[in-house]
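The values are calculated or read from the model by the stated rules, or taken from the named source; none is laboratory data. Quick caveat: nothing in here was measured; it's all calculated off a predicted structure. Neighbour counts run over all protein chains shown; Cβ positions are idealised from the backbone, glycine included.
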Amino acid sequence: QKEVEQNSGPLSVPEGAIASLNCTYSDRGSQSFFWYRQYSGKSPELIMFIYSNGDKEDGRFTAQLNKASQYVSLLIRDSQPSDSATYLCAVMEYGNKLVFGAGTILRVKS
Amino acid sequence: DGGITQSPKYLFRKEGQNVTLSCEQNLNHDAMYWYRQDPGQGLRLIYYSQIVNDFQKGDIAEGYSVSREKKESFPLTVTSAQKNPTAFYLCASQDRGHSYNEQFFGPGTRLTVL
């Protein structure tokens, strides 16, 4: 069983700070990696995807991938209270199946 | 508007009953998926379908059944054999031809066993 591990949190950061969310995965052959945001009682929505080593930036969000270390992270700059949610890391398996981590709860305090 | 719809939003089931959760998409996606989410946990794959008239078991298929007779529809039946069905059920679809294979999620159905 391929695994995706995340720290469950909660991760608490003050408004305006950088939030750093981390994820490790077990399948060295994985190629595509996704970060979803999920508000309480709602369905997940895609924040970022990445498939090349290095950094990928989109607005306040930066995804970082290190395939050698089997590690993917999400940085949120200038964190806002509206960023408070659960962040799910997902890894694409062969056959277009996503394997999800349990999620990290982020709380941004104003 | 293109999207994925799930119904009902809330569903209550008595023990021993079968219930069917609806999932419809108008995104013209080939692939569709059913996930289950329990409190404090990630999503676990129940069944998936890459094309009409074909579907595969996911990691937790026992006690569930699906059909894929139309491209737009992928209903999930929770049978009485599923011993602990209370959970949040999410349907997703994916354009297999898309470069990064994003899965789009419906709003979910919350199932409670009475």
Select from the stretch A:55-110 the residues that are surrounded by fewer than 16 Cβ atoms within 10 Å (Cβ to Cβ), touching a residue at least 60 places away in the same chain (Cβ under 8 Å) and of a type in the set (Ser, Thr, Tyr) and write down the one among them that is farthest from A:Val4 (Cα to Cα). A:Ser110
Check the stretch A:57-80 and report whether any residue there is assigned to a strand (DSSP E or B), farther than 30 Å from B:Cys91 by Cβ and small (Gly, Ala, Ser). no
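Conditions (1) within 11 Å of chain A (Cβ to nearest Cβ); (2) within 26 Å of A:Leu88 (Cα to Cα); (3) surrounded by fewer than 18 Cβ atoms within 10 Å (Cβ to Cβ), marked per residue:
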{"position": "B:Lys14", "(1), (2), (3)": "no, no, yes"}
{"position": "B:Leu76", "(1), (2), (3)": "no, yes, no"}
{"position": "B:Thr79", "(1), (2), (3)": "no, no, yes"}
{"position": "B:Pro107", "(1), (2), (3)": "yes, yes, yes"}
What is the residue count in the stretch B:16-51 for residues that are more than 10 Å from chain A (Cβ to nearest Cβ) and aliphatic (A, V, I, L, M)? 6
Please go through the stretch A:81-110 and give me each residue that is of a type in the set (Ser, Thr, Tyr) and either modelled with pLDDT under 95 or in a strand (DSSP E or B) (or both), ordered by number. A:Thr86, A:Tyr87, A:Tyr94, A:Thr104, A:Ser110
Would you point out which residue out of B:Asn84, B:Asn26 is more than 14 Å from the chain's Cα centre (by Cα) and over 27 Å from A:Thr104 (Cα atoms)? B:Asn26
Of everything in the stretch A:1-53, what is buried (at least 17 other Cβ atoms within 10 Å of the Cβ), at pLDDT 95 or above and in a loop (DSSP other than H, G, I, E, B)? Give them in sequence order. A:Ser43, A:Pro44
